[in-house]
Structure formats: C-alpha cells, structure tokens
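**Student:** One structure is given below, represented as structure tokens, and several questions about it will come after.
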Amino acid sequence: MIPNDSFEYCHDLLDDKPQEACGVFGIFAPNEDVAKLTYFGLFALQHRGQESAGIAAFDRGQVHCHKGMGLVSQVFNEDILAELVGTHAIGHNRYSTTGSSHLRNAQPAVVDTRIGKFALAHNGNLVNTPELRAHLDELGCDFGMTSDSEAIALGIGVELDRDKDKSWEDAIQAALNYCKGAFSLTIATPDAVYGVRDPNGVRPLVLGQLERGGYVFASESCGLDIIGAKYVRDVKPGEIVRLDADGVHSMTWKEADPKLCVFEMIYFARPDSANHQESLYSYRVRIGHVLARESPADVDLIVGVPDSGIPAAIGFSRESKISYAEGLIKNRYVGRTFIQPTQSMRETGIRMKLNPLKDVLDGKRVLIVDDSIVRGTTSRKLVKAIRDAGATEVHMRVSSPPVTHPCFYGIDTDTQDQLIAATKTVEEIGEQIGVDSLAYLSWEGMLAATNQNPDHFCSACFTGHYPVTVPEMLKRSKLVLEETPTAGQVSS
Ligand code: SF4
C-alpha cells in the first residue's frame, strides 16, 4: 500500500507547476493493429497525465477494454495489447482533476445502451458536474466513478435509451447540451470513432490521417507523429467529427467561440506539437525574444530551467546576444517516486530533479528563464542551488505573466491563496525566492507572440476573466481571495 502522504510530498517537491489534465486518442483503421497504435499514441501523450491509462478497442460490436494505474508502459504489455483486437479504438491518459486517483476513475468509460456499448475518453473539466449529476440522478443513473467524464458518458447513454429514434450523433449532441466547461472527447461506438471539442475549444484535439488508410484523433500532433500519421487539421471548437468506414464526416453542434488554453502554448503541450502549423518550440523561442526586449539584464550567461524553460532561454539569449549555457541538468527519470526523501534531502529537495553545473555557473552573473512560478517554493530552492554553485548574481525571467487565478478547465492549480503572485508583488516575489532581479513576460507580449487573434485564447489564470462562467460554489472552492461575484471577473 502506497502511503498517500509520501505521494503528496513527492508530488509537491517535484512539481511546483500546474499539472496537465489528460490526453486522449482515437483511431479508425480496420486494417491496422489499432490497440498498438493507440498505445504508441498514448505513449507520446504521456506528459498530459501519468496516473492511469486505458484503451478500449471495438471488434464487431464487442468492446475489449483494459485500464490500469500508472504509466502507459506499466499498464500495457504485448499480451494485453494482443487481446485488444478491433477495427477502431480510443485511449486515455489520466491526471485527476475531478474525481480522485483510483482505478474506478480510469478511462475510457464504457457504457451499455439499447444499441450497443460505447466508450468515452475526456480531456478537460466540466464546471457544472454537480448539476449534471443531479440531472442524471433524477433519470435513475448509477454512478460507478466519481468523475465529470462519467457524467458525460452516462448522459449520452441516457439520451440514447430514452428516445428510440435518437442516433449516436443525436444523443451525443443532446448530452453535450447539458455540459459546461472544457471537454475534448474521443468516443468509440460499434461502428465509428467521434472527436468532439467544446464550443470554446479550451483543450486541443487534432485529426490525422494514416498513409495506409484510416484516421486518427490525438490531443496533440505529437500523438500523430509517433505513428506516422499526417496532421490534417484541428477539430474545430463546437465540432463533432465522425470517423467510419466511409471516411471523415463533420457536423457543428454549437457555434464556436475559440478560447484555447494559452498555457498549452507556454508549457503543457510538448514543444514538438504544432499549433497553426508551427511547433510550440518556435513559439516558446519567440516569447524568449519578447521577454528579452521587455526585461533585459546585464549578465554573463542565460540558463533555461529544463525542460520547458529552455526554448524561451534560447530566444532570450539570441535577442540579447548573451551566451546560452546548460547550467542545470535534469534527472530525466525522477518521475514519481513514492519513497520519502530524508530530512536533509527535503531541505535541498530541488536537486532530486535539477542539478546545477558548478563549473559552468561559478563566478558568473546568471539569468535563469523559467516558464512559470506557481507557489515559488521550487524557485527559491533552485536559486539557492545556483548561488551555492558559485553564481555571483542570479536573475530570473519568467516566460509567462504572473499566475494570479486558479484554473477550472482541467488544469490542476492550487487555490488562489497558494498562488504566490495572487498575494505578492513582483518585487516581493523576487525577495522571497532570493533573486537579484525578477521580471515576467507581459500578458500582451505572450498573446502577441502567438501571431493569432488574442481573443481566441483563454488566459484566465493570468487575468481572472473566465471565458466559461464558473458557478459560485466552484469559484468559492478555489477563488479564496476574491469577493465573488465581481463584474468583469467572469464573462460568459
Ligand atoms: S485558466 Fe489558465 S490553465 Fe486554465 S484553461 Fe485558461 S489559460 Fe489554461
């Protein structure tokens, strides 16, 4: 039995960052080993969730489903995958945001209906789960899981069962009309795989094509690359795309009001995933250029905090013409350890994850670039470690604006009082983490660097302007510093 507190401790120690909420995958390719391709798709999307993984494959109306706790590579092996035969499949990597971390909450969720079973995988977070559950309770639904994803799946099942004329599409649309919040879904039915995005498209979902025939959905384009699928396009906000034996079919179920999570651009998505035909690596280098123009510094060396701070550090270095060096080496296997470090290790906990290179940093005025500061606990340890390695000055630049508000759309952030920028000024934060100077990327700079319409992004964790109305009860659970409601903080 794994003690929960040790998990929490190590989680805290290693990840003073917002946590990603899930990765989804779907494939319709009757001539392929769909389970194995789903496995590799999930493998590429592992960064989006490490608590559980699952695959449901469909074979002439039969569903073969396997789920387990842990990484994709721990949950599946060749023998298990060989059992998951079918013409099409969906898969899921989970990081729990609603519902605790138990096998019963692992996805895909499989639901039985009058016209057969279906499976559903969800990335995102609903903001009206209690309301939705109350609605389903009234209709006599049994809940086996505790997640919002189950509520969506049961909603579809109920819609199908209570009206014999309803098709899969009708039932999906009817159920989604009750859902508020962020959801990118893959749904497998006996004959098809569906990809769905909420009208704001808060979480990404892309469509790809296999050269040998067949189509694929993945949360990010890196999930297509790994299996040799060509990127076709994004699933649009408010769109339902159906993959079946006749190809690809699109329908609009809600008018789009795009609000992609800008944190996907800055930090969550893999740098080799693309947005608008450009890798996120290139976007992150560009925000480094912007950051250098906005907040220059007289230093000897630019160092990126691995991994996600590195592209912005390279951009900062190029713009400022100051040398870039790898001054921090990441333990790539640190992952999730369930063994509690010793007390002395706790005090120097950062070195479990990052080790400074003394001969690179010694005697230098160093500027470190990180992608975000959430609580500040890791940053303080990191700065101390760099000073201990001999740096004469330590400056920090952050390639995102200050995080002042929690996320309700599928990213696991602390309550507002735990977010250092919600209670302290930039100067106070600099003092607390012990740097000689601190500056953040401006909100305008972050959005301008996307080269897209700035209105097409959610940036609520930097502004408090939530694009999907957050119910009072849910707001109170995380927005502990706010007088709620306040005009202008929430818009629908
Ligand atoms: S609140 Fe922040 S983390 Fe959440 S969806 Fe919006 S931009 Fe992303």
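The values are calculated or read from the model by the stated rules, or taken from the named source; none is laboratory data. If you're wondering where the values come from, they're calculated on a predicted model, not measured in any experiment. Reconstructed Cβ throughout: ideal geometry from the backbone, glycine too, with neighbour counts over all protein chains shown. Ligands, DNA and RNA are stripped out before the accessible areas are found, and what is left, the full protein with its side chains, is counted by its heavy atoms. Shrake-Rupley method; radii C 1.70, N 1.55, O 1.52, S 1.80 Å.
**Student:** Taking into account only those residues within segment 243-252 that are on the phi < 0 side of the Ramachandran plot and surrounded by fewer than 18 Cβ atoms within 10 Å (Cβ to Cβ), which is nearest to the ligand (Cβ to nearest atom)? Full working, then the answer.
**Tutor:** Let us first name the residues in segment 243-252 that are on the phi < 0 side of the Ramachandran plot, namely 243-246, 248-252.
Now restrict to residues that are surrounded by fewer than 18 Cβ atoms within 10 Å (Cβ to Cβ): 244-246, 248-252.
Working: D244: 31, A245: 36, D246: 35, V248: 28, H249: 29, S250: 25, M251: 25, T252: 22 Å.
So the residue we want is T252.
**Student:** Right, something else. Take P341 and decide whether it is buried (at least 24 other Cβ atoms within 10 Å of the Cβ) and either modelled with pLDDT of 90 or more or more than 16 Å from the ligand (Cβ to nearest atom) (or both). Lay out the reasoning, then the answer.
**Tutor:** Working: buried (at least 24 other Cβ atoms within 10 Å of the Cβ): no; either modelled with pLDDT of 90 or more or more than 16 Å from the ligand (Cβ to nearest atom) (or both): yes.
In short, no.
**Student:** Among the residues of segment 253-260, is there at least one that is open to solvent by less than 60 Å² (accessible area, probe 1.4 Å) and closer than 20 Å to S308 by Cα? Please lay out each step first, then the result.
**Tutor:** First, the residues of segment 253-260 that are open to solvent by less than 60 Å² (accessible area, probe 1.4 Å): 253, 256, 258-260.
Now narrow it down to the ones that are closer than 20 Å to S308 by Cα: 260.
Among the residues of segment 253-260, at least one is open to solvent by less than 60 Å² (accessible area, probe 1.4 Å) and closer than 20 Å to S308 by Cα, which makes the answer yes.
**Student:** Whether any residue in segment 276-290 is β-branched (V, I, T) and more than 23 Å from V369 (Cβ to Cβ) is what I want to check. Explain how you work it out, then say what you get.
**Tutor:** In the first step, residues of segment 276-290 are kept if they are β-branched (V, I, T); the result is 285, 287, 290.
So of that shortlist, the ones also more than 23 Å from V369 (Cβ to Cβ) come out as none.
Taking every residue of segment 276-290 in turn, none turns out to be β-branched (V, I, T) and more than 23 Å from V369 (Cβ to Cβ).
**Student:** Of all the residues that make up segment 425-437, how many are out of contact with any strand residue (DSSP E or B) (no Cβ under 9 Å at 6 or more places or on another chain) and either touching a residue at least 24 places away in the same chain (Cβ under 8 Å) or within 16 Å of the ligand (Cβ to nearest atom) (or both)?
**Tutor:** 1
**Student:** Quick one: how many residues across segment 455-467 are open to solvent by less than 20 Å² (accessible area, probe 1.4 Å) and of a type in the set (V, I, T)?
**Tutor:** 0
**Student:** Taking segment 359-392, which residues are within 16 Å of the ligand (Cβ to nearest atom) and touching a strand residue (DSSP E or B) at 6+ places or on another chain (Cβ under 8 Å)? Spell out the reasoning first.
**Tutor:** Quick first cut of segment 359-392, residues within 16 Å of the ligand (Cβ to nearest atom) only: 371-375.
Across segment 359-392, the qualifying residues are D371, S372, I373.
**Student:** With the structure loaded, tell me whether D272 is of a type in the set (D, E, K, R) and over 18 Å from D234 (Cβ atoms) or whether it fails that test.
**Tutor:** The answer is no for D272.
**Student:** Next question, about the same structure. Identify, please: which residue in segment 450-492 is of a type in the set (S, T, Y) and at pLDDT below 80 and is, among those, nearest to the ligand (Cβ to nearest atom)?
**Tutor:** Keep residues of segment 450-492 that are of a type in the set (S, T, Y), which gives 450, 459, 463, 466, 469, 477, 484, 486, 491-492.
Imposing the further condition that a residue be at pLDDT below 80 reduces the set to 484, 486, 491-492.
On the way: T484: 16, T486: 17, S491: 13, S492: 15 Å.
Per the criteria, the residue is S491.
**Student:** Exactly one condition in (1) under 18 Å from W168 (Cα atoms); (2) surrounded by fewer than 24 Cβ atoms within 10 Å (Cβ to Cβ) is false for D33; which is it?
**Tutor:** (1)
Here's the yes/no breakdown for (1) over 19 Å from the mean Cα position of the chain (by Cα); (2) at negative phi:
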position	(1), (2)
L176	yes, yes
F183	no, yes
A192	yes, yes
G214	yes, no
G228	yes, no
P237	no, yes
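**Student:** Please find, within segment 268-283, the residue that is nearest to Q50 (Cα to Cα) out of those that are open to solvent by less than 50 Å² (accessible area, probe 1.4 Å) and part of a helix (DSSP H, G or I).
**Tutor:** So, considering only residues that are open to solvent by less than 50 Å² (accessible area, probe 1.4 Å) and part of a helix (DSSP H, G or I), the one nearest to Q50 (Cα to Cα) is F268.
**Student:** Would you check if A192 is modelled with pLDDT of 95 or more, of a type outside the set (V, I, T) and crowded, with 23+ Cβ neighbours inside 10 Å? Give the derivation first.
**Tutor:** Values: modelled with pLDDT of 95 or more: yes; of a type outside the set (V, I, T): yes; crowded, with 23+ Cβ neighbours inside 10 Å: no.
Judged against the criteria, A192 is not a match.
**Student:** Looking only at strands (runs of 3 or more DSSP E) that fall completely inside segment 184-265, which ones have 1 or more residues that are within 18 Å of G124 (Cα to Cα)? Step through it out loud before you land on a result.
**Tutor:** Details: elements: 193-197, 206-210, 215-218, 229-234, 239-244, 247-252.
Of the strands (runs of 3 or more DSSP E) lying wholly inside segment 184-265, those with at least 1 residues that are within 18 Å of G124 (Cα to Cα) span 193-197, 206-210, 215-218, 229-234, 239-244.
**Student:** Just wondering, is there one or more residues in segment 393-412 that are within 12 Å of the ligand (Cβ to nearest atom) and either among the charged types (D, E, K, R) or without any contact (Cβ under 8 Å) to a residue 12 or more places away in the chain (or both)?
**Tutor:** Yes - at least one qualifying residue is present in segment 393-412.
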